[in-house]
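The values are calculated or read from the model by the stated rules, or taken from the named source; none is laboratory data. Quantities reported herein were computed from a predicted structural model and do not represent experimental measurements. When we count neighbours, we look across all protein chains shown, and the Cβ atoms used for this are built from the backbone with ideal geometry, even at glycine.
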Amino acid sequence: MPEAKKPVTGLKFIADDMLGKLAKRLRMMGFDVSYPKISADSLLLRKSREENRIILTRDTGLVKVRGVQAILIKSKKLSEQLKEVIKALKLKIIPEQMFSRCTICNSELIKIEKEKIKDKVPPLIYKLFDNFTYCPVCHKVYWKGTHFEKIISELKEIK
């Protein structure tokens, strides 16, 4: 089996249920972001402690809990939310690590030979692209289509 890319950083995050888009975008950037879709603060806090994850939240009460590292996300706009996280932790975006995680389940993606995904992508995508990655957990296939350029452009604006 091909080797997965190494994660961007040792930092791991957990996003509360109000920050699904932020979780997905941070995953695209190569960050390990758990998004359990649970609303109970106690479960978020426990998972944060057990897995040594920084909580990303819009809940002012969570950031006040002793012994927990949390970032209060103030903006409702995704680009501003990204700026808040990057600024708070002085994160470095490493282009080679982008798109190394599944946006659905957070697993590390692996490179996969084009021939092995022929029946898993639309015929036009198979014809137009040569490089694919694959999630070994949820079996989603990824390629660098128009969404890739859009996200790169967005990140340049954020920097």
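Some notes on this structure:
- Of the criteria (1) closer than 17 Å to Met28 by Cα; (2) out of contact with any helix residue (DSSP H, G or I) (no Cβ under 9 Å at 6 or more places or on another chain); (3) not in a helix (DSSP H, G or I), which one Glu96 fails: (3)
- Filtered residue count, segment 11-56, keeping only those that are surrounded by fewer than 23 Cβ atoms within 10 Å (Cβ to Cβ) and farther than 21 Å from Glu108 by Cα: 11
- Members of segment 130-151 found to be loosely packed, with under 14 Cβ neighbours inside 10 Å and either of a type outside the set (S, T, N, Q) or outside any helix (DSSP H, G or I) (or both), listed by number: Asp130, Asn131, Val137, Cys138, His139, Gly145, His147, Glu149, Lys150
- The residues of segment 76-92 that are basic (Lys, Arg) and under 15 Å from the mean Cα position of the chain (by Cα), listed by number, are Lys83, Lys92.
For (1) at pLDDT 95 or above; (2) among the charged types (D, E, K, R), each residue gets a yes or a no:
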{"residue": "Leu89", "(1), (2)": "no, no"}
{"residue": "Ile93", "(1), (2)": "no, no"}
{"residue": "Phe99", "(1), (2)": "no, no"}
{"residue": "Val121", "(1), (2)": "yes, no"}
{"residue": "Val137", "(1), (2)": "yes, no"}
{"residue": "Lys140", "(1), (2)": "yes, yes"}
{"residue": "Ile151", "(1), (2)": "no, no"}
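- On inspection, Leu62 passes the criterion of being in contact with a strand residue (DSSP E or B) (Cβ under 9 Å, 6 or more places away or on another chain) and either at pLDDT 95 or above or among the aliphatic types (A, V, I, L, M) (or both).
- Condition met for Leu72 (touching a residue at least 12 places away in the same chain (Cβ under 8 Å) and within 23 Å of Ser153 (Cβ to Cβ)): no
- Highlighted here are the strands (runs of 3 or more DSSP E) found entirely within segment 16-75 that include at least 1 residues which are over 12 Å from the mean Cα position of the chain (by Cα): 54-57, 70-72.
- Index of the failed condition, Tyr126 passing every other in (1) modelled with pLDDT of 95 or more; (2) surrounded by fewer than 17 Cβ atoms within 10 Å (Cβ to Cβ); (3) more than 17 Å from the chain's Cα centre (by Cα): (2)
- Residue match in segment 108-116 (condition: assigned to a loop (DSSP other than H, G, I, E, B) and modelled with pLDDT of 95 or more): yes
- Set side by side, the residues Leu56, Leu82, Leu78 differ, and just one is touching a residue at least 60 places away in the same chain (Cβ under 8 Å), within 24 Å of Glu154 (Cβ to Cβ) and touching a helix residue (DSSP H, G or I) at 6+ places or on another chain (Cβ under 7 Å), which is Leu82.
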